[in-house]
Structure formats: structure tokens, C-alpha cells
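J.: Before I ask anything, let me first share the structure, which is written out below as C-alpha cells.
The values are calculated or read from the model by the stated rules, or taken from the named source; none is laboratory data. This one's a predicted model, so the numbers in the text were calculated from it and none came from an experiment. Virtual Cβ from ideal backbone geometry, glycine too; neighbours counted across all protein chains shown. The protein model used for the area step is the full one, side chains on, heavy atoms only, and it has no ligands, DNA or RNA in it. Shrake-Rupley method; radii C 1.70, N 1.55, O 1.52, S 1.80 Å.
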Amino acid sequence: MLQELRLTVVVENSAPFANSSIWAQHGLSIFLDLDYGRERMKLLLDTGACPEVMLHNADALHIDLSQLDVICLSHGHYDHTGGLMGVLERVGRRVCILAHPEIFAPKLKMQPFLKFIGPPFSRREAEAAGAVMLDCLGPAAVAPDVMTTGEVARREDFEKVEGFWTVKEGRYSEDSIPDDQALAIKIEGKGLAVITGCAHAGIINTIKHAQRITGVQELYAVIGGFHLSGAGEKRLDATAEALRKLDPAMVRPGHCTGQRAVCRLQEALGERCLPLAAGDTIQL
Ligand SMILES: [Zn+2]
Ligand SMILES: [Zn+2]
């Protein structure tokens, strides 16, 4: 049984002013140290946007990446996968990578013209560097009480994916980012912790999906990117209201959540909501 879980934010858009040894970068990486009594598991969710920042911050935070047991990738965007080749070099052996098969589909954005925003490496390059790619569409158990959500069911009508493009079966089309997923962790006596990458599927969709697949209704913590930076007022209001109803004890928005959304969530949730920064450690 999971006895203790310690999260360390390795890469995030902001870093503490007081500790200049940690770099800020648009991206996300969270290290999870899971204590099972006799055994410990070390898991990495996402790898930031580039090896330099990922490895610099891991060193500054005294995280030994050679000890990693599993790497989970929340989706294929570069700001979550970009540091992977550096991490694999540090691991120095074969290591399982849990991700949706579509992380390697073309990932495109108009900002203001066509840009590639997918992983800065191919599947073959990752495999040559030691990656054992576990392509999972649905949920996958990583450890007792810890699972990936797999594809997230999109049920909330206010949570829409916009502005991303891909090419599918020879057709240029809007990317719904089917690869987007999160971690769902049961914390004994407290409830469910949901750790997201970008939550492109919608943060409320992601939480409710995690509740369904784990069977745990009690929501304890929501941590990660909520992708609300470009969201309109309606969506911000609906998200804040839905989150208030879900009643989590701890909400730590970061990365692509956006300042406006963080303020709105703080209004709705008070002191339970605190923004995330690189170097933060969270005990669950
Ligand atoms: Zn993304
Ligand atoms: Zn992102």
C-alpha cells in the first residue's frame, strides 16, 4: 500500500525568486517519490521543454534521475516531452515510458502561422536511447494505487479544445489532443489526487474521469496545468464553480493555467488554491 508520496516540481513556468539556482521555463515536469514501506518507486511525469533546464533543475533539487522506474508523458507537446532525451541519457538503461500512441502524431499550432509543437525527437530516436514505449489508449496501472487515466472522456460542454492542428489519414484537421492524460493516485484516508500535464481534455473532465476509473469519489488534490490561459469568462466561471463543488482539499494550478484563471480559482477556493512553481515539494 502507498504510505507516502512526495512530489517535486522540476520544471514549471515560474521559479522562486529566493532560489535562483532553479530555472523557470514554459513547460512542466513533476517527480514523484512513492514510498511503499519496503520499496520505493520513482516516477517522472513529463520532462519539461528541453534537456538543459530539465537536468539543471533535477541536479539543483538533488533528484537522481538514474533511479527512475517509469516515465509517464501526459501528451506529445514539446513543453512536456522536450527534455526526454536528456532524461534517458541520465537513466542510462532501458526504461518504460507510458504514453498514448498519438504523442508522435503531428502536433501543430497557429501562432500566428503553422508551427510544429510536438516532441523534438522521433519514436525511433527515443527507443534507440533506451525508451521502451508502452502505447496505452486506456488507463494503465503503474504501481499500487497509482494509474494513468488514459484517454479522458470529454463530457463537459464548456471544456473545448481549440487552436491545435494535426494531420490524420492525409487530412489537415483540428487536433482534439486525444493523447492528453493525467495521473490518478489513491491516497489512503484522504482521497484521490489528480496530477495533470496540460489537461487539454479539460480539468473537470480529467478529474471526473479519474474518479470513474479509480472508483474514488472523494477528491483530495488537483495539481498541474489546467490549460485555461486563453479561456473565456464563461469557461473560467464554469470551471471555478465545478471545482468548488468537487471540493478538493488542495489545488495547485501551474504551467498553462494562466494568471487570470489562478485568481479566479483562488476566489472560489480560498487558501486551498496555491499556484505552482519549480522547486516546490508537496507531501500527499
Ligand atoms: Zn500541451
Ligand atoms: Zn503544456
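J.: Leaving out ligands and nucleic acids, and using a 1.4 Å probe, what accessible area per residue does the chain come to in Å²? All intermediate terms of the calculation are to be shown ahead of the outcome.
T.: Numbers: 12310 Å² over 284 residues.
With all protein chains present, the chain gives 43 Å² per residue.
J.: When the dipole is taken about the Cα centre of the chain, and only Lys, Arg (+1) and Asp, Glu (-1) are charged at their Cβ, what size is it in debye, to the nearest 20?
T.: Working: 29 positive and 36 negative charges, 53 e Å.
The dipole magnitude comes to about 260 debye.
J.: Something else about it: Using only DSSP helix segments of four residues or longer, with each worth -39500 (n - 2.57), what per-residue ellipticity at 222 nm results for the chain after dividing by its residue count and rounding to 500?
T.: Per the formula, -6500 deg cm²/dmol.
J.: Cross-link partners among lysines for residue 115, C-alpha distance below 26 Å, same-chain residues fewer than 8 apart left out?
T.: Result set, ordered by chain and number: 107, 160, 168.
J.: Leaving out ligands, DNA and RNA, and with a 1.4 Å probe, what % of the accessible surface on the chain is carbon or sulfur? Spell out each step's value before the answer.
T.: Numbers: 6300 of 12310 Å².
Of the solvent-accessible surface of the chain, carbon and sulfur hold 51 percent.
J.: What number does region 38-102 give for Rg over Rh if you use C-alpha atoms and the Kirkwood radius? Could you put the intermediate results ahead of the total?
T.: On the way: Rg = 11.4 Å, Rh = 11.9 Å.
Here the Rg-to-Rh quotient is 0.95.
J.: Also, quick follow-up: If one computes the Cα centroid of region 204-256 and of region 128-169, what distance in Å separates the two points?
T.: Measuring centre to centre over Cα atoms gives 17 Å.
J.: Still on this structure: Please list, in order along region 152-161, the HN-Hα scalar couplings obtained from phi with the Karplus expression 6.51 cos²θ - 1.76 cosθ + 1.60 (θ = phi - 60°), rounded to whole Hz, x for Gly and Pro.
T.: So the Karplus estimates, Gly and Pro as x, are 8, 5, 9, 10, 7, 6, 8, 9, 10, 9 Hz.
J.: Under the definition of Cα pairs under 8 Å and six or more residues apart, what whole-number percent is the relative contact order of the chain? Kindly include the intermediate steps, with their values, before the conclusion.
T.: On the way: 698 pairs, mean separation 50.3, N = 284.
Computed over the chain, the figure is 18 percent.
J.: Work out how far the C-alpha atoms of the chain reach from end to end along every principal axis, then list the three figures in whole Å, largest first.
T.: 51, 46, 40
J.: Work from the charge dipole of region 100-253 (Cβ charges, +1 for Lys and Arg, -1 for Asp and Glu, about the Cα centre) and give the residue of 240, 189, 140 farthest towards its positive end.
T.: Among 240, 189, 140, the one farthest towards the positive end of the dipole of region 100-253 is 240.
J.: Any idea what Rg and Dmax come out to for region 217-263 if you just take the C-alpha atoms, in Å?
T.: Over region 217-263's Cα set, Rg and Dmax evaluate to 10.5, 29 Å.
J.: Return the sequence-ordered ³J(HN,Hα) values of region 80-90 in whole Hz as given by the Karplus equation 6.51 cos²θ - 1.76 cosθ + 1.60 applied to θ = phi - 60°, using x for Gly and Pro.
T.: 10, 10, x, x, 4, 4, x, 5, 4, 5, 5
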